[in-house]
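Colleague: Quick one: the structure is below, and I'll ask about it shortly.
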Amino acid sequence: MKITQTSLPGVLILTPTIYQDSRGAFHETYNMRRMAEAGLPTEWLQDNFSVSKNNVLRGIHYQVTQPQGKLVRVTQGAVLDLAVDLRRSSPSFAQHVAVRLDSDKGEMLWIPAGFGHAFLALTDDVGFSYKVTDYYSPAGERTIVWNDPELAIPWPINADSVIVSDKDRQGALLRDAEIFA
């Protein structure tokens, strides 16, 4: 497995070795020894899975209590996956990184606690898997609106075409949001 640092310190792309032949393909999605050697978590408290249609945008989500590190991957289709640094004390505060994740390539993105997370489905019937380092905490869950002008995320979609939940549509602006120290 190849591990690549993104432009945000701590946010990593994990690219597996894919073995292909006439029958199809195989790759590891988790190996505790390799994760430990890379300094990544080896204990996951919860796995989540979502299915999204084309143009569905989920996020920007995070938890202020029980913050979660997330290892995310696409099992079907493709997304534009996004991490936003929400740690006020960080030199990269309010900066984001966007990575295309495609089920054919098997890449995963590691997003440490203290970051917001969002993704835009680029294909129909996207399967999206999350391994997280802490349990879901409804009381601690927060959302920053996906099109916050201060973040100026260049989403590759027209605002009229994007499909968001009411919760995501009503997310806070970064300047008003409860975030990390």
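Colleague: Any residue at all in the stretch 32-44 that's surrounded by 13 or more Cβ atoms within 10 Å (Cβ to Cβ), under 21 Å from residue 153 (Cβ atoms) and hydrophobic (A, V, I, L, M, F, W, C)?
Modeller: Within the stretch 32-44, none of the residues are surrounded by 13 or more Cβ atoms within 10 Å (Cβ to Cβ), under 21 Å from residue 153 (Cβ atoms) and hydrophobic (A, V, I, L, M, F, W, C).
Colleague: Also: Any residue in the stretch 9-25 that is surrounded by fewer than 12 Cβ atoms within 10 Å (Cβ to Cβ) sitting within a Cβ distance under 8 Å of a residue that is assigned to a loop (DSSP other than H, G, I, E, B) and among the β-branched types (Val, Ile, Thr)? List the pairs, counting only those 6 or more apart or interchain.
Modeller: Cβ pairs passing all conditions: 25/18.
Colleague: Tell me, which residue of the stretch 163-181 that is assigned to a loop (DSSP other than H, G, I, E, B) and touching a Lys or Arg at 6+ places or on another chain (Cβ under 7 Å) is nearest to residue 116 (Cα to Cα)?
Modeller: Step by step, filter the stretch 163-181, then rank; the result is 179.
Colleague: Quick one: which strands (runs of 3 or more DSSP E) sit completely within the stretch 8-63 and have at least 1 residues that are among the aromatic types (Phe, Trp, Tyr)?
Modeller: 19-21, 24-26, 46-52, 57-63
Colleague: Being more than 17 Å from residue 153 (Cα to Cα) and of a type in the set (A, V, I, L, M) is true for just one of 97, 64, 84, 79. Which residue is that?
Modeller: Of the residues listed, the single one that is more than 17 Å from residue 153 (Cα to Cα) and of a type in the set (A, V, I, L, M) is 64.
Colleague: Within the stretch 92-140, can you find the residues that are within 19 Å of residue 5 (Cα to Cα) and free of Cβ contacts under 8 Å to residues at least 40 places away in the same chain?
Modeller: Listed by number, the residues that qualify are 93, 100, 101, 102.
The numbers here are math on the coordinates, done by the rules we state, and not lab data. It should be emphasised that the depicted structure is a prediction, and the values quoted were computed from it without experimental measurement. Glycine gets a Cβ as well: all are built from the backbone with ideal geometry, and neighbour counts include every protein chain shown.
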